[in-house]
1. Looking for something aliphatic (A, V, I, L, M), at pLDDT 95 or above, over 20 Å from the mean Cα position of the chain (by Cα) and more than 22 Å from VAL104 (Cβ to Cβ) - is there at least one such residue anywhere in segment 236-255?
2. Taking segment 143-181 only, how many residues are in a helix (DSSP H, G or I), at pLDDT 95 or above and of a type outside the set (D, E, K, R)?
3. Do we have any residue at all in segment 292-300 that's surrounded by 19 or more Cβ atoms within 10 Å (Cβ to Cβ), charged (D, E, K, R) and within 26 Å of GLN78 (Cα to Cα)?
4. Hand me the list of helices (runs of 4 or more DSSP H) wholly inside segment 217-316 holding 3 or more residues that are of a type outside the set (A, V, I, L, M, F, W, C).
5. Would you check which residues across segment 131-157 are among the acidic types (Asp, Glu) and within 19 Å of the chain's Cα centre (by Cα) and list them?
6. Just for segment 87-125: of the residues that are modelled with pLDDT of 95 or more and out of contact with any strand residue (DSSP E or B) (no Cβ under 8 Å at 6 or more places or on another chain), which one is surrounded by the fewest Cβ atoms within 10 Å (Cβ to Cβ)?
7. Could you list, ordered by first residue, the pairs with Cβ atoms under 9 Å in which the first is in segment 268-297 and free of Cβ contacts under 8 Å to residues at least 40 places away in the same chain and of a type in the set (Gly, Ala, Ser) and the second is crowded, with 17+ Cβ neighbours inside 10 Å and part of a helix (DSSP H, G or I), at least 6 apart or interchain?
Amino acid sequence: MEKQEAREAALADGLRAKAFGITPENVDEVIEKRSHLLKSVLPAFSQLCQTTFQIEPKEMLQVLWDLWLPLGIKLASQRQQLERPLIQGILGGQGTGKTTMSKVLSLILDHLGYRTVSLSLDDLYKTYSDRLLLTQQDPRLIWRGPPGTHDVDLGLNVLDQIRQLQNPVMVPRFDKSAFGGAGDRTTSEMVTNVDIVLFEGWFVGVRPISANIFDTAPPPIVTDEDKAFAHDMNRRLHDYLPLWERLDSLIVLYPTDYRCSLEWRKQAEQQMIAAGKSGMSNAEIEQFVNYFWRSLHPELFIKPLVKDATAVDMVIEIHADHSFGEVYCGLIRNS
């Protein structure tokens, strides 16, 4: 891409340009910095695409240039302005690409000289034995994932230790394959000198909503039992608010249609089965996804959140084919 063409492209999308702080005055400097960074990360990025994502690097180059590089630069700049590590929240449902983005951002930030650690909400699950007790107390919690299945204090301890520049810090890790897929804690990862935490999960940053909203909730919240479950999960979200207060910033990976998550999950399971691994049937997947929609429905919890400039710093839209749509700041979108 020629410099003039790159310059025009960077300014063409006004919302995205504002989200990444690109102006006619600094666009040349932005393109120069991004070009330099592209050259330095390209070999490692190509290897990541081929070995981890099993995809041709050239298919991902445009996303790298338009989204991941400027986002990495933005996070590095935010970290520079703080006198302590940056805690970056990433909210996204199933199949939105949270893990992929975290891996690519870690690579980019490493090249910019920042030590990055990924922490998933999944890493904070209660132990297998604690969840067995939980299921006895509340038989509706048949799967791990909804509010109440995590150890919030564990998350607070880890984030506070990192924010206070303690070294080393033991970051919890979770093995989803343990106990026949029920999952359990595994060996913690010892980390030192952390600059940036990428804290991702399917309801990271999600806040409780008004209880009367459930009176007219969308499917699959249909029966009185469904509504009671949704009410209780909403109430349990309050326990997570201290954890969200540790976030310096929140990015939302936002499907243009929340129902895409169901199709993405089906595709992922079909790929696993094709590769000789065990996977769920379509009926099982629908039951599984509907369970999560009953606990925290995207239309009720995520849709209002992306319109709240006080809660969300950046929204990245995702189309049904997994391509990225508009990128904008909550405040800009609503003005």
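1. no
2. Residues that pass the stated criteria total 9.
3. no
4. So the answer is 224-236, 260-274, 282-295, 298-306.
5. ASP151
6. GLY113
7. GLY279/GLU269; GLY279/ILE285; SER281/GLU269
Conditions tested, residue by residue: (1) in contact with a His (Cβ under 9 Å, 6 or more places away or on another chain); (2) touching a residue at least 40 places away in the same chain (Cβ under 8 Å); (3) crowded, with 17+ Cβ neighbours inside 10 Å.
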| residue | (1), (2), (3) |
| --- | --- |
| GLN4 | no, no, no |
| PRO24 | no, no, no |
| VAL30 | no, yes, yes |
| LYS33 | no, yes, no |
| PHE45 | no, yes, yes |
| ILE55 | no, no, no |
| ASP66 | no, yes, yes |
| PRO70 | no, yes, yes |
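The values are calculated or read from the model by the stated rules, or taken from the named source; none is laboratory data. These numbers come from a predicted model, not from an experiment. We place every Cβ from the backbone using ideal geometry, glycine too, and count neighbours over all the protein chains shown.
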